Amino acid sequence: MLFIEALNRASTQSNEKKLISRVKYRPTISNKDSVDLSSAANQVKEIHLDSQAKTQLTASISVFANLIEHMLRHMINANLHLHSPEELNLNLKSWQLFLQVPPINAEKDKKVVGYITPEVHQRPPAKQLIFHIPVKPSYGIPVEMTLLVSPHNGSPETPYVFRTFPKESWLPVLRTPYPPEFLSQQITHHHIMLDQDGELDQLSPLYAHINQSRIINETNLPPQIFGLRIWKAKNNALTPIVLGDKQIGLLFVGHHKPLEGNIISEEERAKHASNLYTKA
């Protein structure tokens, strides 16, 4: 990940608000033919990332991206590189990526008779992981930052790291070119959710647009990052941050604003609205 030059009196609060897509809840209309779904099913929605819907890649965002890269290198034990779309010249093209947001809350206590399968092999329980990372400025003492990493919910398989890693880990120093005054202004605690439910080639819509010379040396990518998705959790909303792919590797998309659902033209939107008042 490239380090972006820090601005004077940088503020992270405005960047943080831009990264989070607030979920708009709509009232549910039920009738005789309605089917009751679990709350986890209701949380799943489709979003898409658009090359035009993004904020500027700032130094504050770069610090957050490098925290994730540092953590992934430790978890997977590989010299991984987190690319930005700007680094791969993807900002010069028009593209879209479609994703499904996993549920942020799991119904752990709710059990349904007939749908419970016995455990063949007893596995250790999955747990949240805490990574303490000392971030070194260009001079002075390091600033400790923390990543709280949660497993995803509602999927058949939890990534193995949540069963094998210790609950808390202290990582080596992450060195940055930023002055201590800048680092002291940054958010020091982040909560992210990790899942591996994506397709191995989930970044395939970008293959035709990418600057291949930037990734030509990444031929030995670890399979743990194929289909990897990292989400930032805040205020009961999830925002995509990192996507892993078998050809591109790791792509940082945290400064792209997620847009809900498919793109619908104004004409089609008006047509759908008129159909709501049509009697069968």
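Modelling each spin label as a point 7 Å along the Cα-to-Cβ direction, I'd like the GLN100/ASN236 distance in nm, to one decimal.
The answer from the label model is 2.2 nm.
If the limit is 21 Å between Cα atoms, which of LYS54/LYS93; LYS54/LYS127; LYS45/LYS232; LYS127/LYS234 go over it?
Cα-Cα > 21 Å for LYS54/LYS127; rest within.
Between LYS45 and ILE76, what is 0.36 nm times their sequence separation minus the Cα-Cα distance? Round to one decimal in nm.
8.2 nm
Please work out the average accessible area per residue across segment 165-260, using the 1.4 Å probe convention, and give it in Å².
Per-residue value: 45 Å².
Carbon and sulfur atoms: what percent of the 1.4 Å accessible area of segment 126-257 do they account for?
So the carbon and sulfur contribution to the accessible surface is 54 percent.
Given R₀ = 30 Å, FRET efficiency for THR55-THR164 by Cβ-Cβ distance, to 0.05?
0.25
Only loop residues by DSSP count here, and only those with at most 13 other Cβ atoms within 10 Å; note down the chymotrypsin sites (Phe, Trp or Tyr not before Pro) in segment 128-213 that meet that.
TYR139, TYR160, TYR207
Between HIS209 and LEU259, what FRET efficiency follows from the Cβ-Cβ distance if R0 is 22 Å, with the result rounded to 0.05?
0.70
The values are calculated or read from the model by the stated rules, or taken from the named source; none is laboratory data. This is a predicted model, so every value here is computed, not measured. FYI the Cβ positions are ideal-geometry reconstructions off the backbone, even for glycines, and counts take in every protein chain you see. Surface accessibility is based on the protein's heavy atoms, side chains included, excluding ligands, DNA and RNA. Shrake-Rupley method; radii C 1.70, N 1.55, O 1.52, S 1.80 Å.
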